Amino acid sequence: MSRLAPFLTLAFAIGASPALLAQETKVKVDLNKIEVIAQKTPEFDVGSGIREAKAERKDWFQIEVEFSADSSNTRENFVGGLEFRYFVLPSSAERQQKKVYTATLSHVDIPKGENLRSAVYLSPNSLSRIYEGRAPNPRDLWVAVEVYYGGTLIAGDVTDGKSSRWWQNPEAPKDAATLRPKNRTPFADLWLDAFADIAGE
């Protein structure tokens with residue numbers, strides 16, 4: 001169950017119109033635990049005598065959340081138009097790199113009731129920049145995920161700093177260019193059946 005449920009209930013009670021409340025009941029999303037996983041750059045055997053450039057395999061951070069979706073529309077077996085907004089704060093990053101790193105994924109064609117994953121990534125070079133060469137630790141990242149349907153917030157979860165609502169702080173420096181969707185990483189063609197489709201892929 002989402003740990004943001006009390007916050008969402010309060011937000012709707014204070015400012016939501018009846019139309020938005022009706023819309024919120026049409027689609028339900030259940031979020032499971034947010035995880036940050038260190039993944040080595042995958043290696044692929046290309047064959048055909050192509051000379052391969054050898055390099056040390058480095059760590060990417062895979063920031064993922066497992067979820068399932070349902071809809072009150074009994075004529076459809078799929079849910080679409082879910083917008084996942086990611087907020088990532090490296091809590092011990094160097095001062096000038098301590099920002100809220102953001103990304104938005106639009107998921108489509110989600111089978112009702114099926115457990116799927118949504119994920120964004122930090123590349124090895126981005127991690128090196130953020131921590132100025134220090135070895136990064138997945139547990140250092142604070143992560144918040146918000147899920148929207150039709151522009152309405154319907155689910156969310158956060159790993160750390162829930163009471164401070166750091167991801168909603170308008171004064172916090174933001175970076176919307178560093179987090180990558182899975183299709184812009186070497187993991188793009190791996191575990192396809194486990195991850196939700198992204199619009200435009």
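Coordinate-derived values only; no laboratory data. Everything numeric here is computed off the predicted structure, so don't read it as measured data. Neighbour counts are summed over all protein chains in view; Cβ atoms, including those assigned to glycine, are modelled from backbone coordinates with ideal geometry.
Sparse packing (at most 15 other Cβ atoms within 10 Å of the Cβ) combined with a DSSP loop state is found for the following GluC sites (Glu not before Pro) in region 70-120: Glu76, Glu94, Glu114. For region 30-132, the list of chymotrypsin sites (Phe, Trp or Tyr not before Pro) that fall in a loop by DSSP and count at most 11 other C-beta atoms within 10 angstrom reads Phe44.
Assuming 0.36 nm per residue, please report the length gained on full extension of the stretch Ile198 to Glu76 beyond their Cα-Cα distance. Intermediate values should be presented prior to the final figure.
On the way: separation 122, 0.36 × 122 = 43.92 nm, distance 1.88 nm.
Using 0.36 nm per residue and subtracting the Cα-Cα distance, I get 42.0 nm.
Residues of region 113-142 with backbone nitrogen within less than 18 Å of a virtual label 7 Å along the Cα-to-Cβ line of Arg57, please, listed as ranges. The answer is 122-125.
Report the full-extension gain for the segment Lys40 to Ala177: residue separation times 0.36 nm, less the Cα-Cα distance, to one decimal in nm.
Working: separation 137, 0.36 × 137 = 49.32 nm, distance 2.17 nm.
Difference between extended and current length: 47.2 nm.
Dipole check for region 124-201: with +1 at the C-beta of Lys and Arg, -1 at the C-beta of Asp and Glu, and the Cα centre as origin, the magnitude is about 260 Debye.
Here the Karplus curve 6.51 cos²θ - 1.76 cosθ + 1.60, taken at θ = phi - 60°, turns the phi angles of region 26-35 into couplings of 6, 10, 10, 10, 9, 9, 9, 4, 6, 10 Hz, with x standing for Gly and Pro. Just grab the label-to-label distance for Asn137 and Ser92, each label 7 Å out from Cα along the Cβ direction, in nm (one decimal). Going from the Asn137 label point to the Ser92 one covers 0.4 nm. Placing +1 on each Lys and Arg Cβ and -1 on each Asp and Glu Cβ, with no other charges, gives region 59-142 a dipole about its Cα centre of roughly 380 debye.
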